[in-house]
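One structure is given here, and the rest of the page talks about it.
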Amino acid sequence: MKNICVLVSGGGTNLQALIDAERNGTIKNGRITCVISSKDGVFALERAKKADIPTVVIPRKDYSDSVAYSMAIKDELDRQKADLVVLAGFMTILDECVTKAYSYRIINVHPALIPSFCGEGFYGIKVHEKALEYGVKISGATIHFVNEEADAGAIILQGTVNVENDDTPEILQKRIMENVEWKLLPKAVSLFCEDRITIKNDKAFVDLK
């Protein structure tokens, strides 16, 4: 049984999808052992407490730079004996001291089809604003491993939705979350915990049998 640590910064809708998936058996051979938040008072912490999952708050504002903060995160992940780290709406880019120590053991969900609308500065509603500004006809989400470059790690799963003519960024965001993110993130976590992801030449190959 693999230990899953989930990192959050906000409301925790993706965390809730993971909690629900663990409870209903979608996630196999893994359990959420800790939720770590970069802010106090966020609703994701309430979701964790309601599910009886231990929580830790490591405020970003208490650290002078990203390296010091990342070291604190790494120390906590080490304490938690994390086998898998899931970034679920975690709004801080982690330094390489974390990404190298947990190489191919950190999973992130990005609300677009990488390599489109990704990289530094593309997060949250901004991604959907840019997608609509560009006039794309489909969008979606990507579940990928995290490496030293923003949104550049090996892709695990992707899913799509149609973009409608009257979409706003908020409507598109909701459609992608409900139809892609909340389904594929738990699936990717289970694939990892079941040892069904193989890395070859920096690409992820998934056993979907």
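A few remarks follow.
- Residue in segment 106-121 that is more than 18 Å from residue 189 (Cα to Cα), without any contact (Cβ under 8 Å) to a residue 40 or more places away in the chain, open to solvent by 10 Å² or more (accessible area, probe 1.4 Å) and touching an Asp or Glu at 6+ places or on another chain (Cβ under 7 Å) present: yes
- Residue list for segment 133-190, restricted to those being basic (Lys, Arg) and open to solvent by 60 Å² or more (accessible area, probe 1.4 Å): 137, 174, 183, 187
- Filter result for residue 49 (within 14 Å of residue 7 (Cβ to Cβ) and open to solvent by 50 Å² or more (accessible area, probe 1.4 Å)): no
- For first residues located in segment 142-163 and at positive phi and in contact (Cβ under 8 Å) with a residue 12 or more places away in the chain, partners that are assigned to a strand (DSSP E or B) and among the hydroxyl-bearing types (Ser, Thr, Tyr) and lie 6+ apart or on another chain with Cβ distances below 9 Å form the pairs 151/142.
- Selection over segment 25-37 of residues that are of a type in the set (Gly, Ala, Ser) and open to solvent by 10 Å² or more (accessible area, probe 1.4 Å) gives a count of 1.
- Boolean, residue 203 is closer than 30 Å to residue 104 by Cβ, open to solvent by 90 Å² or more (accessible area, probe 1.4 Å) and either in contact (Cβ under 8 Å) with a residue 24 or more places away in the chain or among the β-branched types (Val, Ile, Thr) (or both): yes
- In segment 61-75, the count of residues that are assigned to a strand (DSSP E or B) and either open to solvent by less than 50 Å² (accessible area, probe 1.4 Å) or at pLDDT 95 or above (or both) is zero.
- Listed by position, the strands (runs of 3 or more DSSP E) enclosed by segment 1-60 that each have at least 2 residues that are in contact (Cβ under 8 Å) with a residue 40 or more places away in the chain and within 30 Å of residue 208 (Cα to Cα) are 2-8, 30-37.
- Of everything in segment 111-147 that is part of a loop (DSSP other than H, G, I, E, B) and among the charged types (D, E, K, R), the residue that is nearest to residue 94 (Cα to Cα) is 120.
- Test result for residue 179, assigned to a helix (DSSP H, G or I) and among the polar types (S, T, N, Q): yes
- Flag for residue 79 being closer than 28 Å to residue 191 by Cβ and buried (at least 18 other Cβ atoms within 10 Å of the Cβ): no
The values are calculated or read from the model by the stated rules, or taken from the named source; none is laboratory data. Everything quoted here is computed from the prediction, not taken from an experiment. When we count neighbours, we look across all protein chains shown, and the Cβ atoms used for this are built from the backbone with ideal geometry, even at glycine. Surface accessibility is based on the protein's heavy atoms, side chains included, excluding ligands, DNA and RNA. Shrake-Rupley method; radii C 1.70, N 1.55, O 1.52, S 1.80 Å.
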